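Input: a single structure, listed below in structure tokens.
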Amino acid sequence: MVSRTVGTGVATLGAVVLSLLTVPAQAAPAAGPDTAGLRKVLRTALSQGAPGAFARIDDNGTVHHLAEGVADRSTKRALGTGDRIRVGSITKTFTAVVLLQLVDEGKIKLDSSVNTYLPGLLPDKRITVRHVLSHRSGLYDYANTLFSPSVSGFEKVRNKVFTYRQLMDLSLAEPLTGKPGAVYSYSNANFVVAGMLIEKLTKKSVATEYQNRIIKPLKLADTFYVHPKNTIPGKHSRGYMTADSTGKKIDSTLQTTSWAQSAGALVSSAKDLNKFMAALVQGRLTSAAQLKQMLKWTPVNSTQAYGLGLRRRDLSCGVSVYGHTGTVQGYYTWAFTSKSGKRSVTSFANTSNNSTVYTTVNRTLESTFCG
């Protein structure tokens, strides 16, 4: 087990809610993160079955690196905050940014029907672009079908390459889960639609659009859309999925993540994710008008809300933070930033299908922003 800290100076969803929520009044983040508390959280995650866990905090020029455990159970190589990782649904925030840039360019409207741009795709013409970006479309989440049960479902698709149309067929084989625009209901199908919109409007791949619109401008050196390849380039953490019944750790590193694509197939690093989230809330990726749209909230539960491809978490100290979580087989990731973007954290555990570890590592947000 490895442990290190580095600092570098300077540098219940209730009744149906149709209206969008505004950001609540909130306190400023604590004077500094609770690194001792963070260390305890990471070590607890290891005791609960995670091979490794880390947190990187970028705090207005000061960087904190905390890592515990191993990146590779075979070689015992220590996990580090610089390891590249599969970031799962944090990809959704990248996808939303690209679409909002296209709104800025006049190529798409948030409140127009998806079928305006993708004729005949969806069964209800009332489903708008805004609905898919806020998980209010009612589209069934095909991942519920693919990964029941979890491990055998994953093994069937580990090396499979899907088309967007095949993923949508899986979703549309089931009825809508609710009326379009009514309530939040998380579904990967929404961001498959978003990926289809990007490729239809730009006539380029989502990989190219991520690269040209986000990765290059922000100089994100560790961020890649590798689909349909099943490998992670460079130094990376291996991922270990927990078996449903035995608790055995299954090496899930090699996978196409084709079941997710524009909903969850990016590879990145803690440094890049912190840079991305800070740039986003500081208005460096979209116009002020589109950022305002992104920050219109739909309730999830008493402590969470969802905007357009963006989560808001309301912490115990009165601070709200903005970002996204990511789960893909073998990888749990959190990437959140303060309202000002001056303090950002990416925390991670190289496991999945382990709700105890997930709940534990989720507490890194409290230690980071509440102190």
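Give, as a single signed number, the net charge of other residues whose beta carbon lies under 11 Å from the beta carbon of ALA189, with Lys and Arg counted +1 and Asp and Glu -1.
-3
For the range 294-357 and the range 69-120, what is the centre-to-centre distance using only Cα atoms, to the nearest Å?
The range 294-357 and the range 69-120 have Cα centres separated by 14 Å.
Quick check: with the 1.4 Å probe, what order do MET277, MET196 take by accessible area, largest first?
Descending order: MET196, MET277.
To the nearest 0.05, how large is the calculated FRET efficiency for LYS125 and THR303 if R₀ is 30 Å and r is the Cβ-Cβ distance?
0.30
Report, ordered by chain and residue number, the lysines lying within cross-link reach of LYS179, taken as a straight Cα distance under 21 Å and ignoring same-chain residues fewer than 8 apart.
Once the sequence-local lysines are set aside, what remains near LYS179 is LYS109, LYS125, LYS296.
Using a 1.4 angstrom probe on heavy atoms only, work out the carbon and sulfur share of the accessible area of the chain in %.
53 percent
Farthest toward the dipole's positive end in the range 122-175, which of TYR140, SER171, PRO123, given Cβ charges of +1 (Lys, Arg) and -1 (Asp, Glu) about the Cα centre?
PRO123
Using square roots of five times the C-alpha gyration tensor eigenvalues, list the equivalent-ellipsoid semi-axes of the chain in whole Å, biggest first.
Largest first, the chain gives 30, 24, 19 Å.
Leaving out ligands, DNA and RNA but keeping every protein chain, what accessible area does ARG43 have, in Å² rounded to the nearest 10, with a 1.4 Å probe?
120 Å²
Using a 1.4 Å probe and counting only protein heavy atoms, arrange CYS317, CYS370 so the residue with the most accessible area comes first.
My answer, sorted largest first, is CYS317, CYS370.
Where in the range 199-241 does the label zone of ARG158 land, with the point 7 angstrom along Cα→C-beta and an amide N cut-off under 14 Å?
Only 230-231, 239-241 pass the distance filter.
Label points 7 Å out from Cα along the Cβ direction at SER112 and SER287: separation in nm?
In this crude spin-label approximation the distance works out to 1.4 nm.
Is the shape of the range 152-249 best called rounded, prolate or oblate, per the rule: a/c under 1.5 gives rounded, else a/b larger than b/c gives prolate, else oblate, with a ≥ b ≥ c the square roots of the Cα gyration tensor eigenvalues?
Judged from the Cα gyration tensor, the range 152-249 comes out oblate (a/c at least 1.5, b/c at or above a/b).
At 222 nm, what value in deg cm²/dmol follows for the chain if DSSP H runs of at least 4 each add -39500 (n - 2.57) and the sum is divided by all its residues, to the nearest 500?
Counting only the DSSP helices, I get -8000 deg cm²/dmol.
Skip the ligands, DNA and RNA, and give the accessible area per residue of the chain with a 1.4 Å probe, whole Å².
38 Å²
The values are calculated or read from the model by the stated rules, or taken from the named source; none is laboratory data. All values derive from a computational prediction rather than experimental measurement. Quick reminder, even Gly has a Cβ in these numbers, built from the backbone with ideal geometry, and neighbours come from all protein chains shown. We work out accessible area using only protein heavy atoms, side chains counted, and drop any ligands, DNA or RNA first. Shrake-Rupley method; radii C 1.70, N 1.55, O 1.52, S 1.80 Å.
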